[in-house]
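Participant: Here it is, the structure, as structure tokens.
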Amino acid sequence: MTTTTDPSYVDPALINPRAVRLVEAFKDALARLRDEEGLTFEDLNAVTDALQQMQKATGVPLSLAAMPLYGELFQGGRDGYTPSEDVKSPTVIPGSPRVDNPGTLPMRADEPGIPLVVSGRVVDGHGQPLAGAKLEIYHAANNGNYSGLWDDGVPKYNLRGHLFTDADGRYTFTTITPVAYADAATMAVDRVVEAAATLGRSLYRPAHIHYEVHHPELVTPWFGEIYFKGDPVIPVDFVGSKIAHPALQADTTLHEDPEDPEDMAGHGFQGPYRSMEFDFVLKTRTSPATITPKERKA
């Protein structure tokens, strides 16, 4: 770095034109909110204060604490492929154990919840299977907690695992049905509770399963969450009502017919269970740049 006694000197080599453009565009957006919506400096102070309190309570980076403000902006899907997220969840833990395909996620012997059998395929933009794709899979327990994040006596990789798709790009695993949950630390922050109510949002997140999909042919790995169609929490999701894109919502079926006990017994269950099917349509190096919703169907 060049040193000088001239206080007006700025080293041209250090100027980042993109950073300059982003700051100016951000200020222009704030000016529009000021002129069109009456945005005040006190509004900005209230927002930053709530985010700082949330960050202090949860320990997550400030950028993640602010996700309810902008998370929906950083999703893919505009090209017709399964929408992905640019932001990696703070709940991920590397090194999960491999499970068979079909297999079962690691869980406690008395894991509470309704059993869930999840299956589907991973295909490219031409509908061709991606054999050997690695799926990292995990979700919260029935009490809303993720394993491995707290010293709560729960095994580190409870409800966490990874598997590889078969020759037809298919995967199948058994777990328990996730439920909607709220973060206790977040709920303890009065300013956040107030902000959620002001925006007409719940403090809860809808039930979902986290996935990462890796394959050598993918343009980029896929990160995201799959939700349950019809979940009443989706429209009032704490993080935003559009996070659970319709293309990320899977149908589920409840199997509870007492006249068909062989169905439950055949899957190794003594009572009702749910099933879910979801196909990932992902862009590879040989996939079309865009596909239509009809082409998305695997």
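The values are calculated or read from the model by the stated rules, or taken from the named source; none is laboratory data. The shown structure was predicted, so the numbers you read here are calculated from the model rather than taken from an experiment. Neighbour counts are summed over all protein chains in view; Cβ atoms, including those assigned to glycine, are modelled from backbone coordinates with ideal geometry. Heavy atoms of the whole protein, side chains included, go into the accessibility calculation; ligands, DNA and RNA do not. Shrake-Rupley method; radii C 1.70, N 1.55, O 1.52, S 1.80 Å.
Participant: In 5 Å bins starting at zero, report the fraction of Cα pairs in region 176-297 per bin as a rounded %.
Facilitator: 2, 9, 15, 15, 15, 14, 13, 10, 6, 2, 0
Participant: Shape verdict for region 187-232, please, from the Cα gyration tensor: rounded (a/c under 1.5), prolate (a/b greater than b/c) or oblate.
Facilitator: prolate
Participant: Using a simple charge model, +1 on the beta-carbon of Lys and Arg, -1 on the beta-carbon of Asp and Glu, nothing else, what dipole does region 163-298 show about its Cα centre, in debye to the nearest 20?
Facilitator: Once rounded to the nearest 20, the dipole reads 820 debye.
Participant: Using 0.36 nm times the number of residues separating Asp79 and Gln128, minus their current alpha carbon distance, what extension gain do you get?
Facilitator: Working it through step by step, the gained length comes to 15.9 nm.
Participant: Between beta-carbons, use under 11 Å as the cut-off and find the net charge around Asp231, counting Lys and Arg +1, Asp and Glu -1.
Facilitator: +1
Participant: Of the heavy-atom accessible surface of the chain (probe 1.4 angstrom), what whole percent is carbon and sulfur?
Facilitator: 56
Participant: Working from the pairwise distances between different alpha carbons, so that the mean of 1/r is found and then inverted, what is region 51-95's Kirkwood radius in Å?
Facilitator: Details: mean 1/r = 0.0830 Å⁻¹.
When all Cα pairs of region 51-95 are included, the Kirkwood radius is 12.0 Å.
Participant: At 7 Å along the Cα-to-beta-carbon direction for both Val236 and Glu37, put a label point, then send me their distance in nm to one decimal.
Facilitator: Label-label distance for Val236 and Glu37, simple model: 2.1 nm.
Participant: Now, a different point. How large are Rg and Dmax for the chain when only the alpha carbon atoms are used, in Å?
Facilitator: Final numbers for Rg and Dmax: 22.5, 88 Å.
Participant: If you count only protein heavy atoms with a 1.4 Å probe, what accessible area per residue comes out for region 15-129, rounded to a whole Å²? Mind dumping the intermediate values first?
Facilitator: Numbers: 7110 Å² over 115 residues.
With the other protein chains kept in place, region 15-129 gives 62 Å² per residue.
Participant: Still on this structure, please answer the following. Give me Rg/Rg_expected for region 132-236, where Rg uses Cα atoms only and Rg_expected = 2.2 N^0.38 Å with N residues.
Facilitator: Dividing the Cα Rg of region 132-236 by 2.2 N^0.38 Å gives 1.27.
Participant: Right, something else. Give me the aspartates and glutamates in straight-line cross-link reach of Lys27: C-alpha distance below 18 Å, same-chain residues under 8 apart excluded.
Facilitator: Counting by Cα, and skipping residues close in sequence, Lys27 has these aspartates and glutamates nearby: Asp35, Glu36, Glu37, Glu42, Asp43.
Participant: Using the structure shown, select from Lys88/Lys242; Lys88/Lys134; Lys88/Lys156; Lys134/Lys229; Lys56/Lys242 the pairs with a Cα to Cα distance greater than 21 angstrom.
Facilitator: Flagged as over cut-off: Lys134/Lys229; Lys56/Lys242.
Participant: Taking R0 as 41 Å, what's the FRET efficiency between Leu44 and Asp251 from their Cβ-Cβ distance, rounded to 0.05?
Facilitator: Calculated value: 0.45.
Participant: Rounded to the nearest 500, what is the chain's calculated 222 nm mean residue ellipticity when only DSSP H runs of at least 4 contribute -39500 (n - 2.57) each, over all residues?
Facilitator: -6500 deg cm²/dmol
Participant: Only four residue types carry charge here, +1 at the Cβ of Lys and Arg and -1 at the Cβ of Asp and Glu. Report the dipole size of region 113-220 about the Cα centre in Debye, rounded to the nearest 20. Intermediate values should be presented prior to the final figure.
Facilitator: Values: 8 positive and 11 negative charges, 29 e Å.
With Lys and Arg at +1 and Asp and Glu at -1, about 140 debye.
Participant: Here is a further query. Please report the relative contact order for region 128-262, taking Cα pairs under 8 Å with a sequence separation of at least 6, and give it as a percent rounded to a whole number.
Facilitator: Details: 214 pairs, mean separation 30.5, N = 135.
After rounding, I find 23 percent.
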